[in-house]
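Colleague: Pasting in a structure now, in structure tokens, and then I'll have a few things to ask.
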Amino acid sequence: MRNQYSRVRNDNQGAGGFNLPSKAYDASSSEDALQVTDTAILSPRALTETRFQFLRAASRSYSQSTAVAITCKARSRAEVRR
């Protein structure tokens, strides 16, 4: 039997550059894995093996701000010249 658990947490993502600090968010992900193997020897020339695996993954992101956000589409130079 084998059991594995991993968790990753990333804080203050999405802010910086042209994004204001109010756009920041925290993200986390986790994964559980359980593996079970059973081997039986039936005779000197035959055996049987059974395997089972359970995998669960989850990811979440949370805004750091409860304020309303307004997103404006950036205009390219070609759009500005028209």
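Here's the yes/no breakdown for (1) touching a Lys or Arg at 6+ places or on another chain (Cβ under 8 Å); (2) surrounded by 13 or more Cβ atoms within 10 Å (Cβ to Cβ); (3) of a type outside the set (A, V, I, L, M, F, W, C); (4) not in a strand (DSSP E or B):
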position: 10; (1), (2), (3), (4): no, no, yes, no
position: 28; (1), (2), (3), (4): yes, yes, yes, no
position: 34; (1), (2), (3), (4): yes, yes, no, no
position: 37; (1), (2), (3), (4): yes, no, yes, no
position: 40; (1), (2), (3), (4): no, no, no, no
position: 48; (1), (2), (3), (4): no, no, yes, no
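Colleague: Could you please let me know if residue 57 is at pLDDT 85 or above, assigned to a strand (DSSP E or B), among the aliphatic types (A, V, I, L, M) and surrounded by 11 or more Cβ atoms within 10 Å (Cβ to Cβ)?
Modeller: no
Colleague: Another question, if that's okay. In region 43-66, what residues are in contact with a strand residue (DSSP E or B) (Cβ under 6 Å, 6 or more places away or on another chain) and aliphatic (A, V, I, L, M)?
Modeller: Passing the criteria: 47, 55, 57, 58.
Colleague: Filter region 12-26 down to the residues that are surrounded by 12 or more Cβ atoms within 10 Å (Cβ to Cβ) and small (Gly, Ala, Ser), then identify the one that is nearest to residue 70 (Cα to Cα).
Modeller: 22
Colleague: Hey, another quick one. Only one residue in 38, 26 is out of contact with any Gly (no Cβ under 8 Å at 6 or more places or on another chain) and either on the phi > 0 side of the Ramachandran plot or without any contact (Cβ under 8 Å) to a residue 24 or more places away in the chain (or both), so which one is that?
Modeller: Selected residue: 38, the only one of 38, 26 that is out of contact with any Gly (no Cβ under 8 Å at 6 or more places or on another chain) and either on the phi > 0 side of the Ramachandran plot or without any contact (Cβ under 8 Å) to a residue 24 or more places away in the chain (or both).
The values are calculated or read from the model by the stated rules, or taken from the named source; none is laboratory data. Please read all numbers here as calculations on a predicted model, not as lab measurements. Counting neighbours? That spans all protein chains shown, and the Cβs are built from the backbone with ideal geometry, glycine included.
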